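Readers should treat all values here as calculations from the given coordinates under stated rules, not as data from a laboratory. Since the structure is predicted, the reported quantities are computational estimates derived from the model, not experimental observations. Note that we place each Cβ from the backbone using ideal geometry, even for glycine, and neighbour counts take in every protein chain shown.
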């Protein structure tokens, strides 16, 4: 997996003062816990972002293309509103989308779990290479990864 910039990027938060209350980024891709101010960018919020990318691949549409990107959308996301999953989406992929956008960050899968699922369904080549990479990240302190 590669992390990408989805445009209009600015500082996600003030690194010196995490309690500044400012959130920057593209609303469609920001995890609900970040919008609520409960947490800043963590591995779980990265999984949420990956969910939005998976949904975009399934639909061929920008996330929330039919909604104004305003406080109402932010509130809907915080309240658990999620993007629709097309009916013709393979069930394993639809389930992966559902669990990656869980409103509770602790219930989202790890990157390793995502890779295993994609590999089992022939959507990821050379899984062993990725497994070692993600295992090392999952055993690393998040404070080191997200400074």
(message) How far apart, in nanometres, would the label points at residue 76 and residue 120 be if each is projected 7 angstrom from Cα along the Cα-to-Cβ direction?
(response) 3.3 nm
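Once fully extended, how much extra length lies between residue 88 and residue 24, figured as 0.36 nm per residue of separation less the alpha-carbon to alpha-carbon distance?
Separation in residues times 0.36 nm, less the Cα-Cα distance, equals 19.6 nm.
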(request) Along Cα→Cβ, 7 Å out, is where each label goes; now give me the distance between the ones at residue 107 and residue 61 in nm to one decimal. (result) 2.5 nm
